[in-house]
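Chemist: Submitted below is the structure of interest, expressed as structure tokens.
The values are calculated or read from the model by the stated rules, or taken from the named source; none is laboratory data. Worth saying up front: this structure is predicted, and the values here are computed from it rather than measured. Glycine also receives a Cβ, built like all others from the backbone with ideal geometry; neighbour counts cover every protein chain displayed. All accessible areas refer to the heavy atoms of the entire protein, side chains included, with ligands and DNA or RNA removed. Shrake-Rupley method; radii C 1.70, N 1.55, O 1.52, S 1.80 Å.
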Amino acid sequence: KTPATTLGIYDKVGSLDAGKLANFLVTTGPLFNEKTTIVYNYIQGMKYTVKDDGNIAGTYNLAINTPAGTENYTLEVKSTTSASMYSKDTMNNRFSSDGIQVKLSYAPMPRRQRPGGDTTQRRGFGFGGGGQTPTLPAGATRLSGINNGNEWNGTGLDSLGNQLTWTATFVKAPEVKIDTARKKDAPVIGKVVYPFLPFGWDEANQPKQETILIKNGTVWTSEKDGVLQNTDVLLKNGKIAAIGKNLSEPGAKVIDATGKHVSPGIIDEHSHIAAASINEGAQAVTSEVRIGDNLNPDDINIYRQLSGGVTTSHILHGSANPIGGQTQLIKLRWGADDADLKFKNSDGFIKFALGENVKRSAATQGNTRYPDTRMGVDQVYVDAFTRAKDYKKQWLDYNTAKDKLLKEKKSLVGLDPPRRDLELDALVEILDNKRFITCHSYVQSEITGLIEVADKMGFKVNTFTHILEGYKVADKMLKHGSNASTFSDWWAYKVEVEDAIPYNAAIMVRVGLNVAINSDDAEMARRLNQEAAKTMKYGGLSPEEALSLVTINPAKMLHVSDRVGSLKVGKDADVVVWSDSPLSIYAKSLYTIVDGTVFFDRQKDELMQKDIESERARLVKKLNGEKRSGAPTIPAIPTFQVILHCDDDAHTHGILEVDENELDNN
């Protein structure tokens, strides 16, 4: 039923109902009994023999017409190769049937002398019945015939060569023996969880959207209202329904936030989690590839980052080429499939890149394609957008001519459209302000160079990411209309970032840019609140300004500030309840809520950790038991996960994250 329903053909197959296709099985017993075998498989009423064994079993009256008259016997057929034949005495016999033809040879059982001169007849059970093939004398009677269902008919010869006829008539089926085999204990198996990983949800604790009333917290709105003391937040139908004091809602789940803090969900503008691969670097322009086709909803980093208050992540293509692939904005709905991770109805973005990663001239990168220098990078952009403009004009000319012909009611024969090019389609979307650029960047000269190319070619760089020399060119970025997404205090990890300073974010804020702090790292994303807080030390930003770097500011640069990034009535119910100020190193997310659904609950997490330890102990005990019973074993193998970054190739680079417990066991 289940596969038939899944395939949309349950009206035809999947159950035994009148009117459906005659697809069914015939078995020797209940389908799931250990000794049951399938005899026939019927497909649309046509019988296919799978194992024709035992289907003729039963008791038959055997009448043999001899010159001396009719002899009557009882024939107990056990299988296609075994039968017992007797009247007053048991007859020694051989029996076989292929489902159509029946063969039977028999002779009286040989007699042996008992002590005292008496005689007795040996007992026999037919061919196969006693475990040995009976030996028949040369003068045995031999019968052959046809299986006509409940009546078999045929001819034969007796020991004197006389011709015989015979009939076997079905009397009754054999008694069904109770299966006395020792039942095997049902194996103890773990729960099915979604994802099928530690911290996955089972059906009992699968999170669901709720009406939630958060009471009496310190509410960081990331709006002009600032921080509100002793305030309630009501979440209803996945939206923020009300913010104020002394709110009430019958039937709502109440979270007491007294002494605690409430903030918008953290937004990571630059992430590489939840994707199976990051870089398509085989050529300089790969604008047709899409991270959205490549999502991995089972990435444990989704759950880990929920524990750090992250609710939205922008999953970027890597930086192996000047024009990389299309990005994907997701919400961290742990347990959802790849389609349900996606942030619906959001603008499309694309990854561009500058610098060492693009040139790929380092010995470890092995560049085999153009460009190989920074001046070549600029020309890739000029060439790509020149082609995109030509392509756009071809379509414009075609559509204009098509509309004219349709208006004049003329034939379109001979008017062929331009060849579709997915790579150029994406670049045309940029020219038409339908797709937006986030550009990997470090060095001021390259940033200035791309701004000049963009101004010349007629497009805008929406966001410069990394942008560690942004403090040098903040005025040019502001004039161009760019946003800046940066690190708090990363520097000196490669030549391009030797001029990076921790005051970068604050300086760009003071110039007037919209600035965000991003992670580009699966581990750092778990503490983006702390990364944002560093700007209070390095640059003197206010607490509200600092928190905005990971809430409303990235929402603005991702064009979703009307839905997320701040606590405002009507916005998505993406909310974090913190144990302390969200800018404190002591702050822990107690509840991380996405669309009104609690996807991280610290108390539940503690229980899940205990369950995981218990499940691990059960599996180890089971493995040890299997080993003691002599089952084959192999050494424990640790589980590896590739943690991807901008310049990583999924097959050759990245950090291998290892389960420490598994390494200990190994």
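Chemist: Where the centre of each part is set by its Cα atoms, how far does the stretch 330-351 sit from the stretch 506-531, in angstrom?
Modeler: Between the Cα centre of the stretch 330-351 and that of the stretch 506-531, the gap is 21 Å.
Chemist: Considering only DSSP beta bridges where both residues belong to the chain, give the percentage that are antiparallel (nearest 5).
Modeler: 75 percent
Chemist: Sticking with this one: Using the Cα centre as the reference, give the magnitude of the dipole from point charges on the C-beta atoms of the chain (Lys, Arg: +1; Asp, Glu: -1; all else neutral), rounded to the nearest 20 debye.
Modeler: 2420 debye
Chemist: Considering the options 69, 57, 87, tell which one lies farthest towards the positive end of the dipole of the stretch 1-99, charges being +1 on Lys and Arg and -1 on Asp and Glu at the Cβ, about the Cα centre.
Modeler: Result: 57, furthest along the dipole toward the positive end.
Chemist: Return an integer: the convex hull volume of the alpha-carbon atoms of the chain, in Å³ per residue.
Modeler: 322 Å³
Chemist: Of 424, 508, 4, which is farthest on the positive side of the dipole of the chain, counting Cα position, with +1 on Lys and Arg Cβ, -1 on Asp and Glu Cβ, and the Cα centre as origin?
Modeler: 4
Chemist: A further question on this structure: Measure off, as a whole percent, the carbon and sulfur share of the 1.4 Å-probe accessible area of the stretch 408-546, all protein chains present.
Modeler: Carbon and sulfur: 50 percent of the exposed surface of the stretch 408-546.
Chemist: How big is the Rg/Rh ratio for the stretch 1-109, C-alpha atoms only, Rh by Kirkwood, two decimals?
Modeler: Ratio value, two decimals: 1.19.
Chemist: Sticking with this one: Can you pull the percent of the stretch 268-402's accessible area that's carbon plus sulfur, 1.4 Å probe, other chains left in place?
Modeler: 48 percent
Chemist: Which value, in debye to the nearest 20, gives the size of the charge dipole of the stretch 203-342 about its Cα centre, when Lys and Arg are +1 and Asp and Glu are -1 at the Cβ?
Modeler: That gives the stretch 203-342 a dipole magnitude of about 580 debye.
Chemist: Please compute the contact order of the stretch 439-548 in relative form: average sequence separation of alpha-carbon pairs under 8 Å and at least six residues apart, divided by the residue count, as a percent.
Modeler: Averaging sequence separation for qualifying contacts and normalising by length gives 22 percent for the stretch 439-548.
Chemist: Still on this structure, I have one more. What is the total of Lys pairs in the stretch 216-275 with C-alpha atoms under 17 Å apart, excluding same-chain pairs fewer than 8 positions apart?
Modeler: Taking the Cα cut-off of 17 Å, the pair count is 5.
Chemist: Within the chain, which whole H helices from DSSP have a Cα span along their axis of at least 18 Å and a mean Kyte-Doolittle hydropathy of 0.0 or more, if any?
Modeler: Helices passing the filter in the chain: 444-457.
Chemist: Suppose a student asked you for the relative contact order of the stretch 520-580, using Cα pairs under 8 Å spaced at least 6 residues apart; what percent would you report?
Modeler: Worked out over the stretch 520-580, it gives 19 percent.
Chemist: Can you put 586, 10 in order of accessible area, largest first, using a 1.4 Å probe?
Modeler: If we order 586, 10 from most to least accessible, we get 586, 10.
Chemist: Over the stretch 184-259, what portion of Cα pair distances is larger than 20 Å, expressed as a whole percent?
Modeler: The answer is 51 percent, as a whole percent.
Chemist: Per residue and in Å³, how big is the convex hull formed by the alpha-carbon atoms of the stretch 261-356?
Modeler: 111 Å³
Chemist: What does the charge dipole of the stretch 1-103 about its Cα centre add up to, to the nearest 20 debye, if the Cβ of each Lys and Arg holds +1 and the Cβ of each Asp and Glu holds -1?
Modeler: 180 debye
Chemist: So what is the calculated 222 nm ellipticity per residue for the chain, using -39500 (n - 2.57) for each DSSP H run with n of 4 or more, over all residues, to the nearest 500 deg cm²/dmol?
Modeler: So the helix-based figure for the chain works out to -7000 deg cm²/dmol.
Chemist: Which lysines does residue 404 reach when only Cα atoms under 18 Å apart count, and residues fewer than 8 places away in its own chain are ignored?
Modeler: Result set, ordered by chain and number: 393.
Chemist: Relative to the compact globular guide of 2.2 N^0.38 Å, what is the alpha carbon radius of gyration of the stretch 245-312, as a ratio?
Modeler: Compactness ratio reported: 1.74.
Chemist: Send over a whole-number figure in Å² for the accessible area per residue of the stretch 1-77, probe 1.4 Å.
Modeler: 66 Å²
Chemist: Using a probe of 1.4 angstrom, how much of the accessible area of the stretch 140-229 is carbon and sulfur, in percent?
Modeler: Percent of accessible area from carbon and sulfur atoms in the stretch 140-229: 55.
Chemist: Next question. Once you keep just the Cα pairs under 8 angstrom separated by 6 or more residues, what percentage relative contact order results for the chain?
Modeler: Answer for the chain is 11 percent.
Chemist: Going by average Cβ neighbours within 10 Å, how do the peptides 579-585, 68-74 rank, with the highest at the top?
Modeler: 579-585, 68-74
Chemist: Taking only protein heavy atoms into account and a 1.4 Å probe, give the accessible area per residue of the stretch 444-536 in Å².
Modeler: It amounts to 36 Å² per residue over the stretch 444-536.
Chemist: Using packing as a proxy for protection, rank 349-355, 271-277 so that the peptide with the highest average count of other Cβ atoms within 10 Å comes first.
Modeler: Answer by packing, highest mean first, reads 349-355, 271-277.
Chemist: Which residue, 263, 551, 415, has the largest displacement toward the positive end of the dipole of the chain when charges sit on each Cβ (Lys, Arg +1; Asp, Glu -1)?
Modeler: 415
Chemist: Determine, for each peptide in 397-403, 591-597, the mean count of other beta carbons within 10 angstrom over its residues, then list the peptides with the highest first.
Modeler: Highest mean packing first, the order is 591-597, 397-403.
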